[in-house]
Amino acid sequence: MSANSARPSPAAQPSGSAFILKKALISALVALVLFSLMIGVRTEAGPQGGLIYWTRFGDLAALVGAVFGGSIIVELLRQWWGPVDKDSIVPKPVQSAISFAGRWLAPALLVFAFLVPVIFYNQRYILDLSILVLTYVMLGWGLNVVVGLAGLLDLGYVAFYAVGAYSYALLATNFGLSFWVCLPLAGILAAFWGVLLGFPVLRLRGDYLAIVTLAFGEIIRLVIINWQSLTGGPNGVSGIPRPTMFGIPLTPGDDGLAARLGIEFSPTHRLVFLFYLILAMALLTNWVTIRLRRLPIGRAWEALREDEVACRALGINTTTTKLTAFATGAMFGGFAGAFFATRQGFISPESFTFQESALVLAIVVLGGMGSQLGVALAALAMIGGFELFRGFDQYRMLVFGIAMVLLMIWRPRGLIGHRAPTVFLERNQAISSDLVKEGHG
Amino acid sequence: MDYFAQQLINGLVLGSIYGLIAIGYTMVYGIVGMINFAHGDIFMIGGFIALISFLVLVSLGLTAIPLILLIVLLVSMAITALYGWTIERIAYRPLRHSFRLAPMLSAIGMSFVLTNFSQVSQGARVKPVPPIITGGYTLHEGAQGFAVQLSNIQIMVVLATIVVLALFTWLVSRTRLGRDMRACEQDQTMAALLGVDVDRTISMTFVIGAALAAVAGMMYLLYYGLVDFFMGFVAGIKAFTAAVLGGIGSLPGAMLGGLAIGLIETFWSAYFSVEYKDVAAFSILIVVLIFMPTGLLGRPEVEKV
Amino acid sequence: MSGDHILTVDRLMMRFGGIVAVNELSFAAERRKITALIGPNGAGKTTVFNCITGFYRPSGGAIRLAHDDGRTIQLERLNDFRISKQAKVARTFQNIRLFPGMTALENLMVAQHNALMRASGLTLLGLLGLPSWREAEQRAIELARTWLNRVSLLDRADDAAGNLPYGDQRRLEIARAMCTEPALLCLDEPAAGLNARESGGLNELLLSIRNEQGTSILLIEHDMSVVMEISDHVVVMDYGVKIAEGTPQAVRDDPKVIAAYLGADEEEAIAVMESGT
């Protein structure tokens, strides 16, 4: 707290127990009104079809009391901490320790990721969860190209995930094509849809872009639901072939991998294989993105995010630049979708709702736009954190929503708040995100 | 022709509801420049509060339907408005001068919170209510036995919309608050320098937007006779589409966009297929935006070089 | 007036709704010379610039660009990025438009986008990291280094452009425009906001660009000391029409010019008169 004591405290900030009490009382009163009917009265369709209700004044009182107590605590913490900013929350030595750890964090995470199937070989649940996290890491990295680098807002990213998943599912179940043939096809098809979406949104800015991408995502989902003859409608597609290890199936049969290697079959083999498959796909996404950032196309994406008018004045074709960003992001989404389909063996439109798009976007923004490491950390935090609440079933999304709000208030610029330059002469120094523009999307 | 007239009536009624919600989106966008993703859920909360207060009033022994409806309307508007105020206070105000995507994600988070709050507190099942306002008029009896119907509830929805819009227009154009709102829309810093309480004006914007959404929620409840925790999402997206279609930031545009979306949806369902009505609405939005990138009545964005 | 013209503006018209911003304006800029476009505020200078650089489509008239190799390009038929890419016209902006979150060096690399795009085989060769691409990238970095040195920003190469002081940003923007290797450089008020020393440095920079690179320069400027000192030819605009043109001396003594400035802004008029004495 020594760093903080030097700061002159704002004189206008009132304090004292009377002030805290007054604030807490107001909060409690607001809570009372807000929850009076929604919590105090519970409605349900009665046995005869009519509506019945009963009261829950106990719950209401408890909740209002909690708000009262909670706001006293929050207010006390606020006064004790003083004005909240980075310096006062995290002291300087800790900050430098964090930045030192940050340099080793990425390699350490990578090594750890490779070792996960070894360490947790017998824990199916953890393997499953790791595969899920890696899928979102890949989706986050894919969307990062569009949102983080090119600064184009995309609220319908899940559409490309869906296109990839259905491409693989339909090609595999109808034509018997293998995963390895379908994977690039799924990517290409998704990229094609990315360009298709790109065209109408070329001239749009900001929130117009947001609604069109959102509408696009919904259109794809609604078409999947209603085009029953092709997609199976709400019932989805089942019996999607599992991936093979380049032609060798991971099954207990005689031609399976286990039999050929002469080891005992275990269903975990397939999980481990899936784990390394998604890890490889995610790392490929990462490698390509890092590579692209150092190429003219990647610099043009970032320049587009910074200032579109200046880009045009420098002879950059902003149309193709935007379209390539959409296509690249969509392609990665398509790959991830194909993986999702082969992992699940069953897909339905329920997996491709707006909530998924919002989740992936939250991962990108929370990661710190444009930061590869940040996106990976955010995916780990969000998906892992979400899993922690698995037991609370119906409260899960509620907690998730609250967490999203709090995280944004805590770190509006994301976990990693700086941008690494793509080229340097003498010093490779990070750029504070306060200077980095957020794009017009 | 009769069939067409009937669809026109249905479309206008639906469009009125969308328009009322769309105004909330457009108002907030005009002043704060953010998409209030939680607004659709505010509409849903409005519907729920109307439902619960109606139930409570009836069980208390009140029988005069007009009186009940009036009380329900006022209670629903007041409590929902407080929801709007609280959300702005908790989730948006700390992010007001921040990075633009942060408030948007905060709003998406808030939308999840509201949806799941009402699911947890009121259960996931659809809540039906018996028809409260019944009866209507047969406008025209067709040759094939098809009659054009105009029900009392339809009349009420349209009338309520007109009254609320008139009040709202008066508020924005004639009152001090309206002037402050228009000033904040132009330039918040300058407005603050000239003595406009910007924080209060923004709070009031959310309060008014939420109150309008509550009216829409109650109309929806009366018209369709049911509410559920998920209805805010679809209605919200449609109303947002309407606001953008009309030109976000423009109040007449929001109403026009609402009517347009309502009509598109109704006519598409009537003449083509019900399944693809939302696809049609979204596709038309995209087509309109290709040719008019700032919507039907939006101010064209002039880029200063 | 029968010199070798790189840019010929012929009866240029620009209307916004009912307002005529530029009315039948004709002038020419000579090759390897500095031409200044001056006039009181609101005379339509930036509008002319936006027409030349493709940000506006003129309502009428023609803008011809004659390259050294004899190619003639009708600029009014090209739009935005093609003016820079194909016609080799670069520009800066009145309110500096750098990429603030990118380093000074990165800004100059973005300016070489089209050349690098070809060298990277439309990204594919670059993705594989082929040697031909690496060489091209090194050359681009060298060009950027040269220009950073010319505008004395070599030691700030790895700093974010948004962190540079105002005067440095102005020079960086000129360096960025020069990295597109333009035939014609259009500068919109390059001396705005600079102090006397910085303004002197700017004069030297512009003269050296003209003399060493042989780039033709067209500039809008309010700072009369810059205009008088470095321009070879001055075109004076008021209310969207040309009211005078000629050498700096001739223009300065023109009573019509003095009247336009006196009518519009006393200070500027005095600046016009004093700069000659």
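Coordinate-derived values only; no laboratory data. Computed from a prediction, not measured in an experiment: that's the story for all the values here. Positions of Cβ are backbone-derived with ideal geometry, glycine not excepted, and every protein chain shown enters the neighbour counts.
Here each label is just a point 7 Å from Cα along the line to Cβ, and for residue B:93 and residue C:154 those points are 5.5 nm apart. Is region B:13-232 rounded, prolate or oblate when judged by the Cα gyration tensor, a ≥ b ≥ c being the square roots of its eigenvalues, rounded requiring a/c under 1.5 and prolate requiring a/b larger than b/c? Prolate shape, in that a/c is at least 1.5 and a/b is the bigger ratio. Centroid-to-centroid, using Cα positions, region B:141-165 and region C:188-238 are 71 Å apart. Peptides B:107-113, A:330-336 ranked from most to least packed by the mean count of surrounding Cβ atoms within 10 Å: A:330-336, B:107-113.
Remark: the protein assembly as shown carries a charge dipole of roughly 1460 debye about the Cα centre, counting +1 on each Lys and Arg Cβ and -1 on each Asp and Glu Cβ.
A straight chain from residue A:66 to residue A:428 at 0.36 nm per residue would run longer than the Cα-Cα distance by 125.3 nm.
If you take the square roots of the eigenvalues of the alpha-carbon gyration tensor of region A:224-342 and sort them as a ≥ b ≥ c, do you get rounded (a/c under 1.5), prolate (a/b over b/c) or oblate?
Working: a/c = 4.71, a/b = 1.92, b/c = 2.46.
Here region A:224-342 falls in the oblate category.
Take the Cα of residue C:250, go 7 Å toward its beta carbon, and the backbone nitrogen atoms of region C:18-34 under 20 Å from that spot belong to C:25-34.
Stretching residue C:181 away from residue C:229 to a fully extended chain increases their span by 14.8 nm, per 0.36 nm per residue minus the current alpha-carbon distance.
Just want to confirm a number: the relative contact order over region C:1-122, from Cα pairs under 8 angstrom separated by 6+ residues, in percent. Please list the in-between numbers first.
Numbers: 152 pairs, mean separation 25.7, N = 122.
Relative contact order here is 21 percent.
Over chain A, dividing the summed -39,500 (n - 2.57) contributions of all DSSP H runs of at least 4 residues by the number of residues returns a 222 nm mean residue ellipticity of -22000 deg cm²/dmol.
On the beta carbon distance between residue C:64 and residue C:4, with R0 = 22 Å, the FRET formula returns roughly 0.95. With 0.36 nm allotted per residue and the present C-alpha distance subtracted, the residue B:182-residue B:230 stretch has 13.9 nm of extension available. Label sites at residue B:274 and residue A:123, each approximated as a point 7 angstrom past Cα along Cα to Cβ, lie 5.0 nm apart. Each label point was placed 7 Å from the Cα along the Cα-to-Cβ direction; for residue C:118 and residue B:5 their separation is 7.0 nm.
Computed from the C-beta positions of residue C:24 and residue A:396, the FRET efficiency with R₀ = 45 Å rounds to 0.05. Within 10 Å of the Cβ of each residue in C:116-123, the mean number of Cβ atoms contributed by other protein chains is 4. Calculate, for residue A:254 and residue C:134, the FRET efficiency according to 1/(1 + (r/R0)^6) with r their C-beta to C-beta distance and R0 35 Å; round to the nearest 0.05. Result of the calculation: an efficiency of 0.10. If one puts a single equal scatterer on every Cα of chain A and applies the Debye formula without solvent, what log₁₀ I(q)/I(0) results at q = 0.08, 0.10 Å⁻¹? Those come out to -0.58, -0.88, one per q.
Considering only alpha-carbon pairs that sit under 8 angstrom and 6 or more positions apart, the relative contact order computed for chain B is 36 percent. Only Lys, Arg, Asp and Glu carry charge here, each on its Cβ (+1 for the first two, -1 for the last two); on that basis region C:98-180 has a dipole of about 220 debye about its Cα centre. The relative contact order of region A:123-432 comes to 33 percent, based on Cα pairs under 8 Å that sit 6 or more residues apart. Convex hull volume of the Cα atoms of region C:98-180, normalised per residue: 80 Å³.
If you sort the three axes of the alpha carbon gyration tensor as a ≥ b ≥ c, you get a/c of 1.5 or more for the protein assembly as shown and a/b above b/c, which makes it prolate. Take each residue of peptide A:23-31, count the partner chain Cβ atoms within 10 Å of its Cβ, and average: the result is 1.
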